[in-house]
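The values are calculated or read from the model by the stated rules, or taken from the named source; none is laboratory data. Everything numeric here is computed off the predicted structure, so don't read it as measured data. Here the Cβ positions follow ideal geometry from the backbone for every residue, glycine too, while neighbour counts run over all protein chains shown. For accessibility, only protein heavy atoms count, side chains too; no ligands or nucleic acids. Shrake-Rupley method; radii C 1.70, N 1.55, O 1.52, S 1.80 Å.
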Amino acid sequence: VTVTCSSADQLLHIVDDSVDIVVMDPPYYDNVMYAELSDFFYVWLKRTAGHVFPELFTRALTDKENEAVASPAKFQDQTGSQRLAARDYQERMAAIFAECKRVLRPEGVLTLMFTHKATGAWDALTTGLMEAGFTITASWPINTEAEGSLHIKDKSAANSTIFLVCR
């Protein structure tokens with residue numbers, strides 16, 4: 001087993017057509033700003049694991065500029081920040097999916113799980129998949145949230161994750 005840390009859109013350490021399957025839980029569009037959330041853990045990991053892997057902790061905080069999320073804050077001084085954020089997410093995901101396609105064997109499979117209520121999020125994700133050359137060949141909804149969960153109770157929140165199989 002080899003563990004690496006790199007951007008998903010530049011898997012330069014993996015040769016073409018060498019991977020059987022990619023299983024991915026991609027960023028959920030605009031639901032979670034992962035880099036902001038990760039800052040809390042990053043500063044503590046830097047004080048511990050940073051002594052063992054200093055090359056992984058060179059920044060003061062996590063990289064928010066290159067994060068694959070639909071964040072209007074990245075475009076706050078521009079007209080149409082929501083539209084620009086959606087396009088940015090789609091382009092970043094298409095680049096990630098293109099890199100997955102490059103490393104997958106011709107008979108390889110990409111499986112991903114995605115949860116979102118907004119059609120725009122699904123459009124951005126699936127457009128990115130198609131632009132990278134994938135075809136969605138199967139999908140399965142999996143109920144992943146307990147009905148009594150406090151973060152979705154009495155809200156119109158999604159209570160299932162859709163698994164997509166792409167070739």
| request: Give the stretch 1-55 a look and list any residue that's assigned to a helix (DSSP H, G or I) and hydrophobic (A, V, I, L, M, F, W, C), or say none. | output: A35, L37, F40, F41, V43, W44, L45, A49
| Index of the failed condition, A60 passing every other in (1) crowded, with 17+ Cβ neighbours inside 10 Å; (2) farther than 26 Å from A118 by Cα | (1)
| said: If I filter the stretch 94-123 down to residues being among the small types (G, A, S) and within 17 Å of the chain's Cα centre (by Cα), which single residue comes out as modelled with the lowest pLDDT? | reply: A118
| Every residue from the stretch 1-47 that is open to solvent by 100 Å² or more (accessible area, probe 1.4 Å) and among the basic types (K, R) | R47
| remark: Selection from the stretch 88-119 of residues exposed (fewer than 14 other Cβ atoms within 10 Å of the Cβ) and in a helix (DSSP H, G or I) yields T119
| message | For the stretch 120-139: of the residues being open to solvent by less than 30 Å² (accessible area, probe 1.4 Å), hydrophobic (A, V, I, L, M, F, W, C) and in contact with a helix residue (DSSP H, G or I) (Cβ under 7 Å, 6 or more places away or on another chain), which is farthest from D16 (Cα to Cα)? | response | A124
| query | How about the stretch 65-93: which of its residues are among the β-branched types (V, I, T) and touching a residue at least 24 places away in the same chain (Cβ under 8 Å)? | reply | V69
| note | Matching residues in the stretch 61-87 (outside any helix (DSSP H, G or I) and of a type in the set (A, V, I, L, M, F, W, C)) number 4
